[in-house]
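Student: The structure is given below, and queries will be raised subsequently.
The values are calculated or read from the model by the stated rules, or taken from the named source; none is laboratory data. These numbers come from a predicted model, not from an experiment. Cβ atoms come from the backbone with ideal geometry, glycine included; neighbour counts cover every protein chain shown.
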Ligand SMILES: Cc1cc2nc3c(=O)[nH]c(=O)nc-3n(C[C@H](O)[C@H](O)[C@H](O)COP(=O)(O)O)c2cc1C
């Protein structure tokens with residue numbers, strides 16, 4: 001098992017990048033074409049400590065152009081983003097998101113929105129019906145659109161030497177987040193995203209993923225055959241937690257299962273359906 005624990009020796013060779021991504025040497029992929037885009041993708045790590053340096057002028061707009069370059073269902077573009085740079089607003093949002101201090105540290109906090117308000121408004125302006133916006137399918141479409149856009153922004157940011165971390169905890173108190181950002185009905189803040197320069201003293205190692213034996217299926221899906229890969233991943237992650245001095249209770253299978261033990265494990269988010277309905281999503 002190999003981990004690039006020392007950020008000073010960030011790897012760029014494909015064999016090293018693949019080994020870091022899986023926590024062990026792998027034998028595929030190395031004969032295929034490789035390029036800087038793949039290096040950026042495989043080098044991803046979430047960063048939770050930022051320098052206070054501002055971003056260069058135009059960075060936000062570049063990230064949004066990258067986000068808008070993602071595919072979007074039927075070109076409906078059912079997403080938007082709120083860029084938060086005001087220190088007081090970032091602090092209030094961080095309090096709503098489990099006091100995650102990196103929200104305050106990062107110079108830019110992007111809140112990605114599933115946005116059915118704009119499309120409903122367009123129809124309304126034309127005097128056209130928009131009852132379809134009340135269906136679960138449209139909410140899912142908007143959440144997918146927002147996610148694809150956000151991930152494009154992440155890749156763009158990382159390609160520019162910036163770091164990011166998604167903030168799903170922004171869904172802990174959706175009504176308060178909606179009030180803070182003055183969101184109209186039919187808009188839901190899917191997650192936040194910190195963007196900034198990583199504190200060089202706290203760049204984490206690349207976190208290994210399940211081997212492809214678990215996630216890659218050919219022609220049809222197989223569940224039971226994944227067990228060996230999952231067992232091996234538990235070992236890899238145990239070594240990773242030790243190497244990174246992370247205080248994780250239980251192995252990956254245990255603490256991941258804990259997340260779906262019951263509704264209480266989802267905390268406030270167990271009530272998302274009712275909250276979404278209050279935000280104007282009927283989810284029919
Ligand atoms: C939708 C989403 C929400 C997340 N929310 C949080 C969060 O609230 N706080 C946090 O520290 N990390 C958050 N993360 C980061 C994940 O913990 C991280 O991606 C995962 O542990 C894998 O690590 P890596 O990104 O460094 O590879 C989130 C990631 C995603 C995709």
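Student: For residue 127, indicate whether it is outside any helix (DSSP H, G or I), exposed (fewer than 14 other Cβ atoms within 10 Å of the Cβ) and more than 12 Å from the ligand (Cβ to nearest atom).
Tutor: Details: outside any helix (DSSP H, G or I): yes; exposed (fewer than 14 other Cβ atoms within 10 Å of the Cβ): yes; more than 12 Å from the ligand (Cβ to nearest atom): yes.
Here the answer is yes, as residue 127 does meet what is asked.
Student: Assess whether residue 214 counts as being assigned by TED's automatic domain parsing to the domain that holds residue 135 and on the phi < 0 side of the Ramachandran plot. Lay out the reasoning, then the answer.
Tutor: Details: assigned by TED's automatic domain parsing to the domain that holds residue 135: no; on the phi < 0 side of the Ramachandran plot: yes.
So residue 214 does not fit the description; no.
Student: Report, by residue number, each residue of the stretch 85-103 that is free of Cβ contacts under 8 Å to residues at least 60 places away in the same chain and crowded, with 19+ Cβ neighbours inside 10 Å.
Tutor: So in the stretch 85-103, the residues free of Cβ contacts under 8 Å to residues at least 60 places away in the same chain come out as 85-88, 90-91, 94-95, 99, 101.
Of everything in the stretch 85-103, those that are free of Cβ contacts under 8 Å to residues at least 60 places away in the same chain and crowded, with 19+ Cβ neighbours inside 10 Å turn out to be 90, 94.
Student: Within the stretch 182-211, restricting attention to residues that are surrounded by fewer than 16 Cβ atoms within 10 Å (Cβ to Cβ) and away from the ligand (no atom under 16 Å from the Cβ), which residue is farthest from residue 108 (Cα to Cα)?
Tutor: Among those residues, the one meeting the criterion is 185.
Listed here are the residues, each with its yes/no results for (1) surrounded by fewer than 21 Cβ atoms within 10 Å (Cβ to Cβ); (2) touching a residue at least 12 places away in the same chain (Cβ under 8 Å); (3) in contact with a helix residue (DSSP H, G or I) (Cβ under 9 Å, 6 or more places away or on another chain).
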| position | (1), (2), (3) |
| --- | --- |
| 113 | no, yes, yes |
| 122 | yes, no, no |
| 147 | yes, yes, no |
| 162 | no, yes, yes |
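Student: Taking the stretch 38-80, which residues are within 16 Å of residue 196 (Cβ to Cβ) and within 16 Å of the ligand (Cβ to nearest atom)?
Tutor: Within the stretch 38-80, 44, 45, 46, 47, 48, 49, 50 meet the criteria.
Student: Please name all residue pairs, on different chains or six or more residues apart, with Cβ atoms under 6 Å, provided the first residue is in the stretch 270-284 and is without any contact (Cβ under 8 Å) to a residue 12 or more places away in the chain and the second residue is in a helix (DSSP H, G or I).
Tutor: Listed by first residue and then by second, the contacts come to 270/263.
Student: Of the conditions (1) in contact with a strand residue (DSSP E or B) (Cβ under 7 Å, 6 or more places away or on another chain); (2) farther than 30 Å from residue 52 by Cα, residue 149 fails just one. Which one is it?
Tutor: Answer for residue 149: the failing condition is (2).
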